[in-house]
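Working notes, structure below.
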Amino acid sequence: MRSGKESQINKGREVFFCVGYTCCHVKKCKKEVCSYSKGRHARAICFKLENSLKQNSHIDLEKGKVDVKPTSSNSVLHNIGGVLLQCVKAEVIGHISSDKIFCLFDNGSEKSFIKKNVSRRLGLKKVGSERLNIFSFGCKTPKKQTCSKVEVRLRNILNGEVTVIEALEIEEISKATLSLPSPDVWTEMETKGFRLTFNYSESSENCEISLLIGSDFYWSLTHRIKRLDSSLVAVETTLGWSLQGKCDEQSDCTSVHLIHSEEESISAELRRFWEIESLGIRDNDSVSLGNGDEEILSEFDKSVCFVDGRYRVSLPWKPGMREVLQNNKTVARKRFEGLVRRFKCDHELFCEYKDVIDNYVREGIVERTSCDSLSNSQGFYLPHHAVIRNDKTTSRLRIVFDGSAHEDGHSSLNQSLYTGPNLHPNMLELLLRFRKNPVAFTADVKSAFLQIELDLRDREFTRFFWTDNLNNNPYVLNFTRVLFGLRPSPYLLAATLKHHFKKYKEQYPHTFDLLNSSIYVDDFICGRNDVPDALRTTLECLQIFSDASMLLRKWRTNSKQLDLLWQQEDASKSAYGTILYLRFVTCNNKIETSFICSKSRVAPLKSLTLPRLELTAALLSARLAKQVSSCLKFNANIYYWTDSLISYYWICGDSSAFKPYIKNRVQEIQLLSDPSQWGHCPGKDNPADLISRGTSAVKLAQNELWWHGPPWLKLAPDHWPNRQRDILDSELCSEELEYRSSVHVAVTQQRESLVDINRFSSLKKLLKVTAWVFRFVNNARIVNKSMNFYITADEIQNAEYFWLKYVQYEFYSAKILTLKRNEQLRCSSEIKSLVPYLGEDNLLRITGRLLEADLCFGEKHPVILPRHCKFTELLVIREHERIGHCGVSATLTQLRKNYWIPKGRQLVKTIIRICLICKKYNAKPAD
């Protein structure tokens, strides 16, 4: 058959040599023969060249040509009950187990596919991977996916013959079930000797396609084809006979399924690389949630809960993956051994690494995995490594856990979890809103992921190896919080924050809208029209995040007034101090400075704000300067410097305008010095910060700032920092700042005990030591009636009464004060439902429903004790040991004879779980 080119040439009467009108016959044409095939025709119509180009459609990329890959598709159109597809039932043999599945033969598909959950459940061997673009029916946008290639061993269930093929793992082949032949058709096949591999009586609901055999193995498994009638044929395969075609039975329901896979080419990658995206200018820029995303969000809303001040969430598992996920223990152990070798070469890195892990343990972020959990083979071990960022000021070393690690042929934890929908705002819109307002400010959430608890069932999938001593064997820890390194972590954080913000939609409507549109992962980027609005927004944001046990930190702003109101000094609330320097001029007219003395004080137990501590440090400076000047007895100009603008303005202001605490100290400072002697210096130039922040003796000895003061002290006074009060408005200083300080002062109160309860592991020892302390005090007061014999039962009882009052005052002081005023407790109080009252012994007790019962007073009105308290833990341990290490119910019953602990059952469970004697007797016997 002639090609289109040849027909066109004959129509125009050209010759095959030159394809021109000047020649009328081949013999007269002087053109040379074809340079490719040496035939008597023009090269443009060379058939061999054209066929060669068609066959060699992919050429080496190094020569600058394009690699064109074919696509494969599988299109299925069938009438349920009316059209039979070519399928067989075969047994798949894996390393873990074997199972019988339905296999669909489809020569319209270039590749073979197997359902991932079937492959992982049976433990099929992985032999490679391929990257595909998968199109679903009716969708224009492909889904990128890297599919693992596995070896599939198929056994004919009739004769036992084994066949080996390779297939790509895919989440789903088809949701529809296969149509089975009717009993009449099945009987006719048996009569003709065509024995099928499945029975017509099998339930069609279980006839899902688990393996699709494409053209890569189709013809190697297919043999004879027998026509039964005009529309139905029987096909013999290595796995047994199959039917394909239209039956007499029909159904009105039609289903269409399509799988289209496409191997990515380099040119497609380059084209996407040069596309302008994520700038809000693409046609499909608007993103909407898909059906799968809505299901994930729905599951999140069902599982999220608020427990003990924190949110608790579940990991978004893919269907069936939690049960088949392998533990990855071998890979994690090898990676940890490599990390230990690195630690032995770099001991400083090990110390930093250990500090982070120890901090995780102290804060309850990780916990030691129990023996019962370790005996369960189900779980997952995460490798981890250090990422060091020298440019970070808060966390130089971050530990990253590898959720993508996995053993060969098995899934990783990340592959078993959904990534979750993108709930973050558009970055361009976020930045534009941020720049729109004149007062801009930013912050971030401290360790945001680690503030969200993991569901108890998911914690065993976050195990990792660790050791405190490089020469000892490692032990196993697991996370109790969402960790950095898992695919769904950003989604879980965003979903949790949005869920939390909904609580404040009515209380803080403006801040609610801002938070929903201004949080990107753990960064808060916002702006307001003026400073008062910005201050109100920041305070409300701090309160909202604090209610979820989260802390907004690293506040930055372009407003100097807002920065001052925030009071983000680096000074510590645990100590304050002052330093004196002597500045003198030598005989060579050279200015020198010399350290004279310093004074430091521990901050008072009563919580104070930073401005008040700075003011107290200023008073300490004035007193010390007066004492030193009177001792040296020479006339000298005295200058005072502080890095706190607020305390500086208090000192320079009218003392009568302030409240008593500020007023008394400002009056004494103004009595010892003149306000004109005071000035403000930057915090980086203040050597007294070394006192409040703390430093080692070695570093202090080498610190030039400590021994000689800031460099500008050696310059003329004209070069000193500005001493004028032109930065902060005086009205704002006297009203707003003092109001803010007074609020903070009334927040908490602390009492100090003579006995440190945290040093005791037994309530018996604690009460004995307390009794001895009380006896010592009594003997010191009354010499004639001193007691020297053994501790009595009454003294032990008095010691226990002391600790009961101490604990209640420490945890329930506000509630006790409310009851003394005959006022009602707040509805949010955890003990309001207990109807508490103050007994004659001034202990907080519950009213209860046993007033008429024939019980002792302690059982009818037990003492209320907080759950999170060392004394309560020691009390539970004592009662547990007193009844012979019985179980949870017995221990709780014994406790409630005299004490009532909110959520006490959970505390008792925790105590019994760590009881060594109970562990010993409850341990499983060795195999």
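Below are the figures for this structure:
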read-out: Matching residues, the stretch 879-927, being more than 15 Å from Arg867 (Cα to Cα), touching a residue at least 60 places away in the same chain (Cβ under 8 Å) and either surrounded by 17 or more Cβ atoms within 10 Å (Cβ to Cβ) or of a type in the set (A, V, I, L, M, F, W, C) (or both); value: Ala923
read-out: Within the stretch 866-878, considering residues that are farther than 25 Å from Ser828 by Cβ and β-branched (Val, Ile, Thr), the one surrounded by the most Cβ atoms within 10 Å (Cβ to Cβ); value: Val876
read-out: From the options Lys909, Lys924, residue that is farther than 16 Å from Ser762 by Cβ and part of a loop (DSSP other than H, G, I, E, B); value: Lys924
read-out: Residues located in the stretch 862-884, provided they are in a loop (DSSP other than H, G, I, E, B) and within 38 Å of the chain's Cα centre (by Cα); value: Leu865, Pro866, Arg867, His868, Cys869
read-out: Residue list for the stretch 885-905, filter: in a loop (DSSP other than H, G, I, E, B) and not hydrophobic (A, V, I, L, M, F, W, C); value: His885, Gly887, Arg896, Lys897, Asn898, Pro902, Lys903
read-out: Members of the stretch 414-432 that are surrounded by fewer than 18 Cβ atoms within 10 Å (Cβ to Cβ), farther than 11 Å from Tyr520 by Cα and of a type in the set (A, V, I, L, M); value: Leu428, Leu432
read-out: Criterion violated by Thr419 - all others in (1) of a type in the set (Val, Ile, Thr); (2) closer than 30 Å to Val361 by Cβ; (3) touching a Ser or Thr at 6+ places or on another chain (Cβ under 8 Å) satisfied; value: (3)
read-out: Test result for Glu810, closer than 25 Å to Val755 by Cβ and modelled with pLDDT of 90 or more; value: no
read-out: Residue list for the stretch 396-416, restricted to those being out of contact with any Ser or Thr (no Cβ under 8 Å at 6 or more places or on another chain) and hydroxyl-bearing (Ser, Thr, Tyr); value: Ser411, Ser416
read-out: Test set (1) among the aliphatic types (A, V, I, L, M); (2) touching a residue at least 40 places away in the same chain (Cβ under 8 Å); (3) over 24 Å from Phe802 (Cα atoms) - Ala853 fails condition number; value: (2)
read-out: Hits in the stretch 297-311 - residues which are assigned to a helix (DSSP H, G or I) and aromatic (Phe, Trp, Tyr); value: Phe300
read-out: Residue pairs meeting the criteria (Cβ under 6 Å; at least 6 apart or on separate chains; first more than 12 Å from Val863 (Cβ to Cβ), in the stretch 825-842; second of a type in the set (A, V, I, L, M) and part of a loop (DSSP other than H, G, I, E, B)); value: Lys832/Leu825
read-out: Leu374 being over 21 Å from Phe484 (Cα atoms), at pLDDT below 90 and in contact with a strand residue (DSSP E or B) (Cβ under 9 Å, 6 or more places away or on another chain); value: yes
read-out: Subset of the stretch 833-844 that is outside any loop (DSSP other than H, G, I, E, B) and touching a helix residue (DSSP H, G or I) at 6+ places or on another chain (Cβ under 9 Å) - its residue that is surrounded by the most Cβ atoms within 10 Å (Cβ to Cβ); value: Leu844
read-out: Failed condition for Ser411, given (1) in contact (Cβ under 8 Å) with a residue 60 or more places away in the chain; (2) surrounded by fewer than 15 Cβ atoms within 10 Å (Cβ to Cβ); (3) in a loop (DSSP other than H, G, I, E, B); value: (2)
read-out: Helices (runs of 4 or more DSSP H) lying entirely in the stretch 320-394 (those with 2 or more residues that are in contact with a Phe, Trp or Tyr (Cβ under 7 Å, 6 or more places away or on another chain) and of a type outside the set (Ser, Thr, Tyr)); value: 329-345, 347-362
read-out: Subset of the stretch 506-525 [within 13 Å of Leu431 (Cβ to Cβ) and not β-branched (Val, Ile, Thr)]; value: Ser517, Ser518, Tyr520, Asp523
read-out: Filtered residues of the stretch 680-716 (kept if aliphatic (A, V, I, L, M) and either closer than 20 Å to Leu620 by Cβ or modelled with pLDDT of 80 or more (or both)); value: Ala688, Leu690, Ile691, Leu700, Leu705, Leu713, Leu715, Ala716
read-out: Residues located in the stretch 506-539, provided they are out of contact with any Leu (no Cβ under 8 Å at 6 or more places or on another chain) and under 24 Å from Glu453 (Cα atoms); value: Phe512, Asn516, Asp523
read-out: Ser833 being within 25 Å of Lys909 (Cβ to Cβ) and of a type outside the set (Phe, Trp, Tyr); value: yes
read-out: Any hit, the stretch 283-296, residues being crowded, with 17+ Cβ neighbours inside 10 Å and either in a strand (DSSP E or B) or modelled with pLDDT of 85 or more (or both); value: yes
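Yes/no per residue for (1) surrounded by fewer than 15 Cβ atoms within 10 Å (Cβ to Cβ); (2) charged (D, E, K, R); (3) over 49 Å from the mean Cα position of the chain (by Cα); (4) outside any helix (DSSP H, G or I):
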{"site": "Glu614", "(1), (2), (3), (4)": "no, yes, no, no"}
{"site": "Ala622", "(1), (2), (3), (4)": "no, no, yes, no"}
{"site": "Ser630", "(1), (2), (3), (4)": "yes, no, yes, no"}
{"site": "Ala636", "(1), (2), (3), (4)": "yes, no, yes, yes"}
{"site": "Trp650", "(1), (2), (3), (4)": "no, no, no, no"}
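The values are calculated or read from the model by the stated rules, or taken from the named source; none is laboratory data. This one's a predicted model, so the numbers in the text were calculated from it and none came from an experiment. Cβ: placed from backbone, ideal geometry, glycine included. Neighbour counts: every protein chain shown.
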